[in-house]
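One structure is given below, encoded as structure tokens.
Just so you know, all these numbers are worked out from the coordinates, no wet-lab data involved. Since the structure is predicted, the reported quantities are computational estimates derived from the model, not experimental observations. Cβ coordinates were reconstructed from backbone atoms using ideal geometry, including for glycine residues, and neighbour counts include every protein chain displayed.
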Amino acid sequence: MSDAVIIAIAGLAAPVIVAIINGSNERKLLRLKEELKEKEDKEKDEDDN
Amino acid sequence: MSEEKFRHNFDKNRTWFWTSIELLAMSIYFIITRRYFEYPPPTRDYLTILDNQLVQVFVIGVAVFGLVWSLFDFHQLHAHRYLAWLMLFTLAAYTAAFILRDYDLNRISLGAIFTGILLARIIHETLRNPELIDVKRRLKHLKK
């Protein structure tokens, strides 16, 4: 029985860990995109002035 | 779908295409050899489940899904994510099984190396996020 548990844990752990890291990266990407947009707008305003 | 689009998809998703081929080859090998995890003894009962033809049909299904996705490049119902998760699940289970078997037999097999590298490649491919790297680079450039 323990062999089946090891295989099941290994099988399920890989996609779950990858999904968690991917989710975290997606959130980070959204946050950085907003930050980038704000900074680009600010720089544009400064250039216009 | 035009031939040009087909070729474009094949080139774009080449990693997934060839990974699916490798997975397909692995399942065909298991079907041909049969009782891979049973011989030589000692045998762990639950590892023989992976020799089962129904499990092989599942693996072939995942491989065919990968082939179809890489050639048609469809994005409905988060198909790409499910494909990556299914491949990760399949290969992680087989890698664990190979490692357990190698541990019992006190040797290292080609199967463990092969599936381990394949698993590492899929993890790399799934975690790869070029857009995030590009945004980080642009932010760094702006800060200077």
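Would you give the gap between the C-alpha center of region A:1-43 and the C-alpha center of region B:1-71, rounded to a whole Å?
26
Please name whichever of A:PRO15, A:ASN25, A:SER2 sits farthest to the positive end of the charge dipole of chain A, dipole taken about the Cα centre and charges placed at Cβ: Lys and Arg +1, Asp and Glu -1.
With unit charges placed on the Cβ atoms, the residue in question is A:SER2.
Treating the beta-carbon of each Lys and Arg as +1 and of each Asp and Glu as -1, no other charges, what is the dipole magnitude of chain A about its Cα centre, to the nearest 20 debye?
Rounded to the nearest 20 debye, it is 460 debye.
Using the crude model of +1 on Lys and Arg Cβ and -1 on Asp and Glu Cβ, and no other charge, please compute the dipole size for the protein assembly as shown relative to its Cα centre, in debye to 20.
The calculated dipole for the protein assembly as shown is roughly 300 debye.
So which GluC sites (Glu not before Pro) in region B:1-104 are both in a DSSP loop and have at most 15 other Cβ atoms within 10 Å of their Cβ?
B:GLU38
Can you tell me the mean projection area, over all orientations, of the convex hull of the protein assembly as shown's alpha carbons? Units nm², please.
Computing the convex hull of the Cα atoms and averaging its projections yields 15.2 nm².
Quick one: the Cα spread of chain B along its three principal axes, in angstroms, biggest first?
62, 43, 24
Taking 41 Å as R0, compute the FRET efficiency from the Cβ-Cβ separation of B:ILE21 and A:GLU40 and round it to 0.05.
So the FRET efficiency works out to roughly 0.40.
What's the local net charge at B:PHE37, with K and R +1, D and E -1, over the other residues with C-beta under 9 Å away?
Within the 9 Å Cβ shell, the charges total +1.
Angle, helix B:110-127 long axis vs. longest principal axis of chain B, Cα atoms, 0 to 90°, nearest 10?
20
Let me confirm one metric for peptide A:33-43, namely the mean number of other chain beta-carbon atoms within 10 Å of its residues' beta-carbons.
2
Mind checking region B:54-113 for chymotrypsin sites (Phe, Trp or Tyr not before Pro) that DSSP puts in a loop (not H, G, I, E or B) and that have at most 15 other Cβ atoms within 10 Å?
Those that pass, being in a loop and sparsely packed, are B:PHE74.
Once the dipole of the protein assembly as shown is set up with Lys and Arg at +1 and Asp and Glu at -1 on Cβ about the Cα centre, which of B:PHE37, B:LEU71, B:LEU23 lies farthest towards its positive end?
Positive-end residue among those listed: B:PHE37.
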